[in-house]
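Bear in mind that the values in this text are calculations on the coordinates, not laboratory data. All values reported here derive from a predicted model rather than from experimental measurement. Quick reminder, even Gly has a Cβ in these numbers, built from the backbone with ideal geometry, and neighbours come from all protein chains shown.
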Amino acid sequence: MNTLQAFLIAIIEGLTEYLPVSSTGHMVFVSSYFGIQEDDFVKLFQVSIQFGAILAVVALYWKKFFDFSKFNFYIKLAAAVIPALALGKLFDDKIEAVLGNPIPIAIVLILGGIILLFIDRHFQNPTVDREEDITIKKAVSIGFWQCLAMMPGTSRSAASIIGGMQQGLSRHAAAEFSFFLAVPTMLAVTCYSVFLKTYESSQMKGYELILKSDENIKMFLIGNVIAFIVAVLAIKFFIEIIKKYGFKPWGWYRIIVGSFLLIYFTYLK
């Protein structure tokens, strides 16, 4: 992977991480199309640049994250992230195996798109419009919904937003809580990938792969900066779209992209 390829992957990560369109599906296609070799550093890079996307949420909602007088907010996030931490560790190897097969990812993209076409119609009477009104029980339920995103192609954002709306949240409240929940979830995954996980081919920890060369350090830093900038713009854009049009545009987008990927990896690759 060269610097330009790292730049492209970081743009994809920042652009798609908080949209209900699956960042994994997009990165699998970009990596395949540009012939990016799936070595240990590339696998680490695709996860570690989530840190830049995490900082985008913290920067945009800094008043929420640093209002220590509202301790209940942190309790809800901690409770909601537990299911993903437990199941993520349990199924880590199986998830990585699926990443090597883009066909299931494309199919899940299409199926998720079909669901998004009808989600606004199904959840028409929300009862919760503010984070303060989300109970810990609802937060945990959304956390379990988020676990559906362990199937690559599902989209962590889509799963948690649908879970929020199923729990009575308005689409705006569900989207924002999905952003908030992403911070501890993605931070845990990133820290595990960088500091704890030993990569099979190289038998090195993530931070050892990053520090292995000046080029790796440069790509890691550039990737996180680009992911941060693009994620800030993507979050603002997404909020405005769902306020005006709901989730149907994202449903059609997933169906179109998923169909294209299915054709590409079945007949053209």
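Counting neighbouring Cβ atoms within 10 Å and putting the fewest first, the residues 172, 122, 26 line up as 122, 172, 26. For the chain, the Cβ-based charge dipole about the Cα centre amounts to some 700 debye (Lys, Arg positive; Asp, Glu negative; other atoms uncharged). Rounded to the nearest 0.05, what FRET efficiency is calculated for residue 74 and residue 200 with R0 set to 35 Å and r the Cβ-Cβ distance? That pair, residue 74 with residue 200, gives E of 0.50.
By the helix-only formula, in which each DSSP H run with n ≥ 4 contributes -39500 (n - 2.57) and the sum is divided by residues, the chain has a 222 nm mean residue ellipticity of -23000 deg cm²/dmol.
For the pair residue 87 and residue 37, label points projected 7 Å from Cα toward Cβ lie 3.6 nm apart.
Kirkwood hydrodynamic radius computed over the chain comes to 18.7 Å, based on all pairs of distinct alpha carbons.
Which of the aspartates and glutamates could a cross-linker bridge to residue 212, judged by Cα under 20 Å and excluding same-chain residues fewer than eight apart? Within the straight-line cut-off, residue 212 pairs with 38, 39, 40, 200.
Could you tell me the relative contact order of the chain? Use alpha-carbon pairs under 8 Å, at least six residues apart, and round to a whole percent.
Value for the chain: 37 percent.
Between residue 229 and residue 188, full extension at 0.36 nm per residue minus the direct alpha carbon distance yields a gain of 12.6 nm.
Kyte-Doolittle mean at least 0.5 and Cα extent at least 18 Å along the axis: which DSSP H helices of the chain qualify?
Span-like helices in the chain: 3-16, 71-90, 102-122, 171-191, 214-245, 248-263.
Positive-end ranking of 4, 90, 246 along the dipole of segment 3-268, with charges on Cβ about the Cα centre, is headed by 246. The ranking of 145, 62, 252 from fewest to most other beta carbons within 10 Å of each one's beta carbon is 62, 252, 145.
Note on the chain: dipole from Cβ charges, positive end direction compared against 194, 229, 32; the farthest Cα belongs to 229. By the count of neighbouring beta-carbon atoms within 10 Å, fewest first, 189, 128 end up ordered 128, 189.
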